[in-house]
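As structure tokens, the structure follows; a few thoughts come after it.
Readers should treat all values here as calculations from the given coordinates under stated rules, not as data from a laboratory. This is a predicted model, so every value here is computed, not measured. So basically every Cβ, Gly included, is an ideal-geometry build from the backbone, and we count neighbours across all protein chains shown.
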Amino acid sequence: MEQLGLAAGTIVAGVFGCVAWFWGANLLLDTLWPPRGPDAGRNILRANMIRPWLFVGPAVLFLALYLVYPVLNSAMRSVMDAGSREFVGLENYRWLLGDAKFRESILNNLLWLLVVPALSTFFGLLAAQLTDRIGWGNLAKSLIFMPMAISFVGAGVIWKFIYDYRGEGQDQIGLLNALWTALGQAPQTWLALPLWNNFFLMAVLIWIQTGFAMVILSAALRGIPEETVEAAILDGANPWQLFFRIKVPQIRGTIAVVWTTITIVVLKVFDIVFVMTNGQWGTQVLANLMYDWMFRGAPDYGRGSAIAIVIMALVTPIMIWNIRNARKEMA
Amino acid sequence: MRDAFWNGIAALMVVTGPAMAQDLAFPPGKDARFNWDAYEALKATDLSEQSMTLLGPWLGPDKDLVESVVAYFEAATGADVQYSGSDSFEQQIVIDAEAGSPPDVAVFPQPGLAADLARKGHLRPLGEDIAAWLAENYAAGQSWADLGSYEGPDGARHFYAFPFKADLKSLVWYVPENFEDAGYEVPRTMEELKALTEQIAADGEVPWCIGLGSGGATGWPATDWVEDLMLRLNTPEEYDAWVGNTLKFDDPKVIAAIEEFGWFARNDAFVAGGARAVASTDFRDSPKGLFAAPPQCYMHRQASFIPSFFPEGTVIGQDADFFYFPAFAEKDLGQPVLGAGTMFAALTDNPVAAEFIRFLQSPIAHEVWMAQSGFLTPHKGVNAELYGDPTLKKMGEILLGATTFRFDGSDLMPGAIGAGAFWTGMVDYAGGKKAAAVGAGIQKTWDTLN
Amino acid sequence: MGTIAGTRPRLIWAVNLAALILVLLWTIPTFGLLVSSFRDRDQIATSGWWRAPFAAAQTGFVRAGAAPDQVQEGGEYVITGTVLEAGQALRAWGTSSRAPAGFAPGEVADLGEGRRLSVAPDGRYRLSASTEFTETRGMRIFVTTSAPPRITTENYARVIGAEGLGRAFLNTFTVTIPATVIPILIAAFAAYALAWMEFPGRALLVAAVVGLLVVPLQLALIPLLKFHNDIGLGKGYLGIWLAHTGFGLPLAIYLLRNYMVGLPREIIESARVDGATEFQIFRRIILPLSFPALASFAIFQFLWVWNDLLVATVFLGNSADQLVMTGVLRELMGSRGGDWEILAALAFLSISVPLIVFFAMQQYLVRGLLAGSVKDG
């Protein structure tokens, strides 16, 4: 009971605190430099210089403390030895370049980056478009969304029942092998098949992320003004043209957002690999490799942090692209 | 009036006293087989109003068991011990220690991690007197004392971690009646074991169930195999050299042990599901093949904990049993036993923590757990009659009768090897990679460690 | 749109069919887990979940009675009993693990030394011997039976009956709700500023948010817990709320900003011309229009916090009054995991709440549509 009170109290305090901050700060700004009277012009200008910072202030504070600080901390550790005691320069990065597992991880990550965002977005778009046009759309949406609601441990078990392998002649408990053997083939150890196993792991992430893409894209599709669609239909556009020529261009921005978000999820992908193969049979990825070095056995923060920095460096192209977009919007 | 008040207090104490004792698994003083003297002696230490935190890897039923032991410490000293278990213990202890909020005492399932934290200065030395006590009072005591001694931040070796609770790894599980039906005998030497393996295969049956799958830790069961075989092909000194990497991973001796494992695991006729099933079968599902009808396999080499994954209702000693993973008769290496132990280490200067470690030395701490289930101890001062079931007793005998006792080598190697390259290397080996290439690969990783 | 599509019945069929296929593909894996959650551990490990609804042929053994069960019948020592459980039908039986189905029901097996065993089709067996039985343990009679499908709710009973689950449920809510609400509020303001206010460094800030999206959580754990310890916050609810807020902010800001940027410029500019303050614009125009985006982020953040175990164990601790649901469920699985049946049941219990949230939020996603059409009018 006491705890419920505490939680409720926090929500109220948090919400009120936030509102009070934004509202109070605004009020203060307006009192200091009232947007009327003789100096109105100058005052508005001044207030407008400060106001954005009031709005982004709390967020910047949180980001700095909870994300930027750990990143700087890791950057520092990445040039130090295993126990973060001595400065070793770029030794950890040099080691990375020579490490076979690291090369494997980079290649796998690139493969994931090519496949997963594209397919997730595609299926998400498909699901959004289809479910918006059928009577049982909400039910269908919920079912496609369901994988997102399952914890990764649950997902691990779910896919165990898909990919599991039993020797020839035994009852297969993995669905894929059951189908495969029904076709008269010998059962396969799916997760141990070189190269292919990466795709089997990707299937899991696509399965999860499609729900995300669908929800966001569906909201965007519904936001398309009716007139443009009706005009196209009057012009005799068939459903395909309607979808690809009229609708998709209008939600291009949202598609980019979904693509970017899933790309970042892929860069960080850890849980699925950790639970299902732990990077064995050539399925290692960067985030799991980092985890291995940071927490397994005798941790080596230097190497773990160096891998983390590489992961973050990989996002640079996306950042640059976003800066350019933001500049364009401003213009 | 005043007297009445004190009488009331006394009455309350009488009432609460037995109530507390009832929480203990075995009421003190009742069963004469226990060392109650040790418990009574503990009462001299008064730690009431004091508390400590204990972090360990045990969850579920294991958590109840460790708490039943801790209860005696609490009842005798009045201290309050907060146990919490975590299935990501390794990660949590590292984070907590680094961030400056460590538990008072931690239970390390792997000595390698304890050694690493000791080197970084997160563990408190327990005192050499306890190490000396171990050498004296544990079977193969010196090796247990060594297991808990690590380099400190000053570079000198100190005794940091107290081994409590042992696991036995050199066991082969089988179904005695299946052996009877087929007319097989329990092998007493490695030569016999290999002959039996060939005979079962010749009979058109499958001798072994081997599964290396373990989610994020896939591969570890194979490291146990290789370690056990190392001890059967080489001297204990060579084993130690291998663990310390003075005997390199690509040494012919190590390659030979890996290939010996391959003799069992890489032969389609010897393992259930064929050789390629080995790496992808989950170790928890693997023993189930013993109990199929007709049996999918006849033998399963695994540590003492595995019965928890047998089908429900399996009675050990009747429906399933185990024998010692035997040594080669032609090599004069005695009866080597591979095992593992959990290590208790103090991370703070909390006086309760020191008292708690001292409590673990008393026979009663061992006896309470062994009288329940799943606990083996090399403590020579405990009453072996107390083992909860005959199976544990039989294992205890193997443990006490070992001529050589060695710890799970992968636990002692650096984490990047023992919980990394060695695992993945064995998975690659089971998948068909050459033993020499696997050994060279692991050695290469080891060479890059500073 | 509906009316237009209505003119093409074949298209409707195609759309429905395509949606059905997609839904099936996406549901089958989870459905397998659902079925498995009603089976016991041995079943899960021995046969595929799709076999669950069919009568299964199983081969196992039953122990016959031992010496104490024998009776003397006309110079013979006899042990009787049954090998079947309710609902099972006998297909074959045997006396050796090598030939577990060596005999048909009704046949008699000669065990040697004057011993004979027969198992009748109804499952009753009769073990007879000319000399007295001395074994303390009965022999194994292997039976191949077909049993009707077996479902059990025991897994759910175990999960629901777990000690401390109610408490943990409460704890989880205590963690989840503030950890969902606070980041949304903070992010909404920041997103508005980043979308519609002009100030130097805006583009850089946007890029920084994108960059911070990729920060792997694992690397932040040690520095942040250390920070909490240093400022005296230690482990507790406040700490975990702050941590989740920090970790959730980049995605929140990113999603919300991108949504807000897409809102029609005219509305905001006309409001500015009308003399509305930024705060008023935000509250009266932006917030209501952004509801779908707010709702979708709320769903994601809620899910993430709900399913999280890592952040909870690091920032909250493991004692009973702080254990979250995922923690209790992990404890149920025991130290070595592998209890697939428990996992299956708990996965379903724990997704029920997020799914309810999703259903509830779907209303708001629709309301967003209405708000969107209002804006054009």
If we sort C:244-254, A:306-316 on the protection proxy, mean other Cβ atoms within 10 Å, highest first, what's the order?
C:244-254, A:306-316
At what distance in nm do the modelled label points of A:Ala8 and A:Arg252 sit from each other, each positioned 7 Å from its Cα along Cα→Cβ?
5.1 nm
Using the Karplus equation 6.51 cos²θ - 1.76 cosθ + 1.60 (θ = phi - 60°), what ³J(HN,Hα) coupling, rounded to whole Hz, does each residue of segment B:80-96 give in order, writing x for Gly and Pro?
10, 10, 9, 8, 10, x, 9, 7, 10, 3, 4, 5, 5, 5, 5, 5, 5
Label point 7 Å out from A:Leu61 along Cα-to-Cβ: which residues of segment C:178-209 have amide N under 20 Å?
C:178-194, C:205-206, C:209
What is the order of A:Cys18, B:Cys297, fewest Cβ neighbours within 10 Å to most?
A:Cys18, B:Cys297
Per-residue mean of C-beta atoms belonging to partner chains within 10 Å, peptide B:292-300
4
Partner aspartates and glutamates whose C-alpha sits under 14 Å from that of C:Lys226, ignoring same-chain residues fewer than 8 away, are B:Asp96, B:Glu98
Which ³J(HN,Hα) values, rounded to whole Hz and listed in residue order, are derived for segment B:295-304 from phi using the Karplus coefficients 6.51, -1.76 and 1.60 in 6.51 cos²θ - 1.76 cosθ + 1.60 with θ = phi - 60°, glycine and proline given as x?
x, 7, 7, 10, 9, 8, 8, 7, 6, 5
Modelled label-to-label distance, B:Thr314 and A:Trp196, 7 Å Cα→beta-carbon offset: nm?
3.1 nm
Taking the protein assembly as shown as a whole, which cysteines find no other cysteine Cβ under 4.7 angstrom from their Cβ?
A:Cys18
Highest mean first, how do A:87-95, B:404-412, C:350-358, B:117-125 rank when packing is the count of other Cβ atoms within 10 Å averaged over residues?
B:404-412, B:117-125, C:350-358, A:87-95
Collect residues whose amide H, placed 1.01 Å from N in the peptide plane, falls under 5 Å from the amide H of C:Leu111; neighbours closer than 5 in sequence don't count.
C:Arg116, C:Leu117
For a quick check: with amide H placed at 1.01 Å from N, whose amide H comes under 5 Å from B:Tyr298's, ignoring anything fewer than 5 positions away on the same chain?
B:Trp208, B:Cys209
Output ordering of A:162-173, A:230-241 (per-residue mean of other Cβ within 10 Å, highest first) is A:162-173, A:230-241
Shielding of B:186-192 by other chains, given as the mean Cβ count within 10 Å, works out to 0
Point-charge dipole on Cβ atoms (K/R +1, D/E -1) for segment C:101-186, about Cα centre, debye to 20:
180 debye
Per the Kirkwood formula over distinct C-alpha pairs, the hydrodynamic radius of segment B:51-124 in angstrom is 12.9 Å
Taking +1 at the Cβ of each Lys and Arg and -1 at the Cβ of each Asp and Glu, which of B:Ala182, B:Ser68, B:Ala135 sits farthest along the dipole of chain B towards its positive end, judged by Cα position relative to the Cα centre?
B:Ala135
Give me the Debye-computed log₁₀ of I(q)/I(0) at q = 0.06 Å⁻¹ for chain B, equal point scatterers on Cα only, no solvent, two decimals.
-0.28
Note down the magnitude of the dipole of chain C about its Cα centre, charges +1 on Lys and Arg C-beta and -1 on Asp and Glu C-beta and zero elsewhere, to the nearest 20 debye.
900 debye
Tell me, what is the percent relative contact order of segment A:138-255, built from C-alpha pairs under 8 Å that lie six or more residues apart?
23 percent
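Where does chain B land at 222 nm, in deg cm²/dmol rounded to the nearest 500, when only DSSP H runs of n ≥ 4 count, each adding -39500 (n - 2.57), divided by all residues?
-13000 deg cm²/dmol
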Under the Kirkwood approximation applied to all pairs of distinct alpha-carbon atoms, what is the hydrodynamic radius of chain C in Å?
26.9 Å
Mind checking which aspartates and glutamates have their C-alpha under 15 Å from B:Lys30, skipping anything on the same chain fewer than 8 residues away?
B:Glu40, B:Glu367
Provide a whole-number value for the mean count of partner chain Cβ atoms within 10 Å of the Cβ atoms in peptide B:176-185.
3
Would you mind listing how long segment A:214-331 runs along its three principal axes, going by Cα atoms, in whole Å with the largest first?
68, 37, 20
What lysines could a cross-link reach from A:Lys328, if we take a straight Cα to Cα line under 29 Å and drop same-chain neighbours fewer than 8 places away?
A:Lys247, A:Lys268, C:Lys375
Taking chain C as a Gaussian network, Cα atoms linked when under 10 Å apart, which of C:Leu346, C:Leu287, C:Leu316 shows the biggest mean-square fluctuation?
C:Leu287
Only Lys, Arg (+1) and Asp, Glu (-1) charged, at Cβ; the protein assembly as shown dipole about Cα centre in debye
5140 debye
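Kirkwood hydrodynamic radius (Cα pairs, Å) of chain A?
In chain A this quantity evaluates to 24.3 Å.
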Work out, step by step, the length gained on full extension between C:Phe359 and C:Glu85: first 0.36 nm times the residue separation, then minus their alpha carbon distance; give nm to one decimal.
94.3 nm
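By Kyte-Doolittle mean hydropathy of at least -1.0 and Cα axial length of at least 27 Å, which whole DSSP H helices of chain C are selected?
C:9-36, C:165-196, C:237-261, C:340-376
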For chain C, modelled as a Gaussian network with Cα springs under 10 Å, which listed residue fluctuates most, C:Ala188, C:Ala179, C:Ala57?
C:Ala57
Checking the table B:Lys169/B:Lys331; B:Lys165/B:Lys380; A:Lys101/B:Lys444 against a 18 Å threshold on Cα-Cα, which pairs fail?
B:Lys169/B:Lys331
Diffusion constant of the protein assembly as shown at 37 °C, which comes from Stokes-Einstein with the Kirkwood Cα-pair radius and 0.692 mPa s, µm²/s:
100 µm²/s
Please report the equivalent ellipsoid semi-axes of segment B:314-450, computed as sqrt(5 x eigenvalue) of the Cα gyration tensor, largest first, in whole Å.
33, 25, 14
